[in-house]
There are 2 protein chains.
Amino acid sequence: MSPTPDFGRVVLRRGRPREPLSTDPASTSNSELQPMLRRPFLVSATVMAAFSLMACDPGETDASPDRTPGLGAAEYGIVIHGGAGTIVRENLTEELEAAYHEALRAALEAGNEVLEAGGSAMDAVVAAVVILEDEPLFNAGRGSVFTSEGTNELDAAVMDGRDLDAGAVAGVTTLRNPILLARLVMEESPHVLFTGDGAETFADQFELERVGPDWFYTDARWEALERAREREEITLSWHMEEDRMIGTVGAVARDRSGNLAAATSTGGMTNKRFGRVGDVPIIGAGTYASNASCAISATGHGEYFIRNVVAREICARMEHRGETLQEAADAVVMVQLLDHGGTGGVVGIDRDGHIALTMNTPGMYRGHFLAGGEPFTAIYADEGDGR
Amino acid sequence: MSPTPDFGRVVLRRGRPREPLSTDPASTSNSELQPMLRRPFLVSATVMAAFSLMACDPGETDASPDRTPGLGAAEYGIVIHGGAGTIVRENLTEELEAAYHEALRAALEAGNEVLEAGGSAMDAVVAAVVILEDEPLFNAGRGSVFTSEGTNELDAAVMDGRDLDAGAVAGVTTLRNPILLARLVMEESPHVLFTGDGAETFADQFELERVGPDWFYTDARWEALERAREREEITLSWHMEEDRMIGTVGAVARDRSGNLAAATSTGGMTNKRFGRVGDVPIIGAGTYASNASCAISATGHGEYFIRNVVAREICARMEHRGETLQEAADAVVMVQLLDHGGTGGVVGIDRDGHIALTMNTPGMYRGHFLAGGEPFTAIYADEGDGR
């Protein structure tokens with residue numbers, strides 16, 4: 001599947017121009033307000049890429065504020081995740097670990113290929129997420145978990161940091177790659193969020209690949225549903241074990257022009273009922289991008305990410321408090337979310353090309369590929385960022 | 001209909017306690033960063049209630065930071081809206097104006113009754129929104145507009161500033177008062193957002209009043225659908241005239257204990273397709289409440305409110321930049337939203353009881369009822385705040 005697909009027959013048009021907007025980040029610098037990490041035993045992987053100019057064509061290194069990365073930052077790069085949670089060595093075989101690393105690497109390479117060729121951050125994050133959606137290991141696209149009715153309801157969102165444009169779908173059932181439909185909502189409608197049957201009808205206007213229920217079937221996901229059903233029947237209560245929510249995928253990128261983008265996709269929660277929608281298609285919660293600060297894709301216990309508006313809040317702390325990306329991610333993920341009992345993690349990249357991979361869980365499938373570097377992938381929190 | 005209904009047979013329970021959390025607002029004060037209003041011809045109605053202690057029982061005026069309002073603020077109060085847009089005198093008869101004022105006043109009195117008796121901010125905002133949902137004048141509940149299929153899809157959300165708990169529903173079709181279902185999602189499930197048929201199934205577990213399609217039928221709404229259909233058929237393009245989006249209702253309140261809450265409800269957009277969801281059920285966009293800063297309910301062109309995360313952004317500017325509620329509302333509604341072409345308004349109340357009613361449109365149905373005062377209602381922007 002092409003990472004930058006031709007969207008085929010597009011019958012709907014909107015008039016809004018897609019020019020970059022001026023950015024006006026906050027100039028406040030409140031160094032006395034550094035977040036105190038109250039749980040230092042949790043690893044927060046920080047990466048400051050230090051070879052930003054190595055891959056530059058000399059013509060690319062002019063003084064434009066949108067194109068010159070800051071100190072220790074990458075000119076372009078992509079950061080991805082495949083879900084956070086209680087991911088521990090006891091539960092993964094060496095073969096499975098290798099498969100995760102390989103899938104993450106394939107997604108990073110697809111994104112990097114776009115960026116290296118001068119493509120947009122949006123093209124890069126979509127290319128990476130398409131790879132992750134097609135990989136049964138992750139709870140998104142093909143590997144999506146089952147609802148209580150034994151169906152698959154998928155959510156996805158994209159956001160473009162240039163103009164805060166965004167698109168999202170919730171509860172789609174026949175799309176091989178929901179992230180492509182989310183992008184079409186952004187680009188070919190004046191709306192942001194389409195849901196359920198309506199989103200499917202919108203999709204009918206485009207040549208997107210549709211799949212039947214068997215596309216999503218794996219023994220592991222079906223057994224997970226049966227286990228969840230049994231537990232919920234026994235306890236007669238909401239069964240919210242964290243293992244039902246691992247596996248959202250996402251990507252953030254900065255391109256050579258300094259534009260940021262974010263994309264996130266999920267198969268939801270095993271045995272979910274009532275058309276529950278988590279944080280992924282909620283702009284600001286699971287997905288956010290603004291060239292004024294950063295692009296964020298989140299993964300974890302979605303309800304907490306919605307209530308804390310996690311993705312936007314990290315950007316807001318950068319814009320309004322003058323925090324670095326890492327300071328802001330730590331304040332939100334390692335302090336605020338944990339104070340509320342919310343588990344999960346985020347990946348982010350800022351306007352200067354600094355990146356963050358931050359989780360308050362034992363593991364997060366993750367990786368990055370930055371200009372001039374090699375792809376890096378990791379699973380457990382104690383693996384850090386490979387530097 | 002009782003403004004504080006008995007929710008009847010509740011079969012689902014969750015274990016999470018609902019205690020107030022400690023608030024930790026930002027202490028930054030960046031007075032040099034006051035927003036510059038670039039469009040001074042637009043009226044921003046500001047209210048600083050100046051009689052906060054008049055209605056206090058002496059026992060209520062101790063030094064607890066959660067109970068003592070700041071200078072010029074109300075000990076308790078409610079602020080409501082019934083939609084913002086191109087609301088101009090030429091289009092409203094005197095009779096219609098009087099009907100709007102009467103409906104707004106009834107909602108304010110329902111909310112004030114709760115607050116005066118020592119009830120919670122959450123009870124107050126729900127009581128007010130129930131009144132507005134039952135009033136055919138507004139695009140919410142009974143007065144909801146029609147989708148392209150001639151059906152009615154309603155969205156609603158509530159948020160509790162004590163613990164950032166929230167509940168929302170999108171695309172419900174048989175609920176007389178969607179705001180009551182949103183509250184049940186918050187209180188009786190561990191989730192935040194239920195959609196479509198799933199939300200209806202969730203509702204089946206409670207004794208909420210259900211209605212048939214005729215409940216929502218009014219000649220005016222049906223004619224609006226027919227006009228929108230004709231225009232869209234003629235132009236073969238997305239028809240996004242603003243008059244299709246006027247009429248969301250909402251309320252924010254501060255109670256005697258210093259807790260904040262927000263509630264918003266809408267009938268969506270005339271002739272909407274594809275299960276489009278606007279900002280109302282998106283926590284952070286149309287609805288947000290945090291005791292650390294403020295409670296906000298928004299109304300307007302929902303897509304812009306989603307992309308700018310309007311409700312949370314106002315709270316974030318208070319928390320992170322030290323702005324007042326009015327400064328933050330002006331920066332977001334009068335500058336940021338307008339820069340993106342987004343029209344609408346917000347009502348807000350902050351942790352100290354200051355309020356704001358801010359719109360970048362010629363009108364917003366609105367009102368407030370503050371401790372020790374009288375109910376105030378207004379329609380056109382040039383009517384200000386009655387002080």
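The values are calculated or read from the model by the stated rules, or taken from the named source; none is laboratory data. Just so we're clear, the structure is a prediction, and the values are computed from it rather than from any experiment. We place every Cβ from the backbone using ideal geometry, glycine too, and count neighbours over all the protein chains shown. Only protein heavy atoms, including side chains, enter the accessible area calculation; ligands, DNA and RNA are left aside. Shrake-Rupley method; radii C 1.70, N 1.55, O 1.52, S 1.80 Å.
Structure values in brief
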{"read-out": "Relative contact order of segment A:278-380, pairs being alpha-carbon contacts under 8 Å that are 6 or more residues apart, as %", "value": "22 percent"}
{"read-out": "Built amide H within the under 5 Å cut-off of A:A261, gap 5+", "value": "A:G161, A:A253"}
{"read-out": "Mean-position separation - Cα centroids, segment B:277-306 and segment A:330-360, in angstrom", "value": "23 Å"}
{"read-out": "For A:182-194, mean number of other protein chain Cβ atoms within 10 Å", "value": "5"}
{"read-out": "Relative packing of B:286-298, A:155-167, B:214-226, which averages over residues the other C-beta atoms within 10 Å, highest first", "value": "B:286-298, A:155-167, B:214-226"}
{"read-out": "Cα centroid of segment B:161-197 to Cα centroid of segment A:108-152, whole Å", "value": "30 Å"}
{"read-out": "Whole-number percent relative contact order across segment B:60-210, with pairs defined as alpha carbons under 8 Å at least 6 apart", "value": "14 percent"}
{"read-out": "Shielding by partners, peptide B:269-282 (average Cβ within 10 angstrom, other chains)", "value": "6"}
{"read-out": "Of the GluC sites (Glu not before Pro) in segment B:262-324, those whose Cβ has at most 11 other Cβ within 10 Å and which sit in DSSP loop", "value": "none"}
{"read-out": "Nm distances between copies for A:E102, ranked from closest, using label points 7 Å along Cα→Cβ", "value": "7.4"}
{"read-out": "Label distances, nm, A:T201 versus same residue in remaining copies, Cβ-directed 7 Å point", "value": "2.1"}
{"read-out": "Simple spin-label estimate for A:H340 and A:A98 in nanometres, 7 Å along Cα-Cβ", "value": "4.1 nm"}
{"read-out": "Accessible surface ranking that places the most exposed of A:D255, A:D339, B:D382 first, with a 1.4 angstrom probe", "value": "B:D382, A:D339, A:D255"}
{"read-out": "Peptide B:222-228, shielding by other chains (average Cβ, 10 Å cutoff)", "value": "0"}
{"read-out": "Cα-based shape type of segment B:124-279, given that a ≥ b ≥ c are square roots of the gyration tensor eigenvalues and the cut on a/c is 1.5", "value": "prolate"}
{"read-out": "Accessible surface ranking that places the most exposed of A:D204, B:D123 first, with a 1.4 angstrom probe", "value": "A:D204, B:D123"}
{"read-out": "Derived scalar couplings ³J(HN,Hα) [segment A:135-147; Karplus, 6.51 cos²θ - 1.76 cosθ + 1.60; whole Hz; x for Gly, Pro]", "value": "9, x, 5, 9, 7, 6, x, 4, x, 4, 6, 9, 6"}
{"read-out": "Per-copy distances of the A:E230 label point, shortest first, in nm (7 angstrom along Cα→Cβ)", "value": "6.3"}
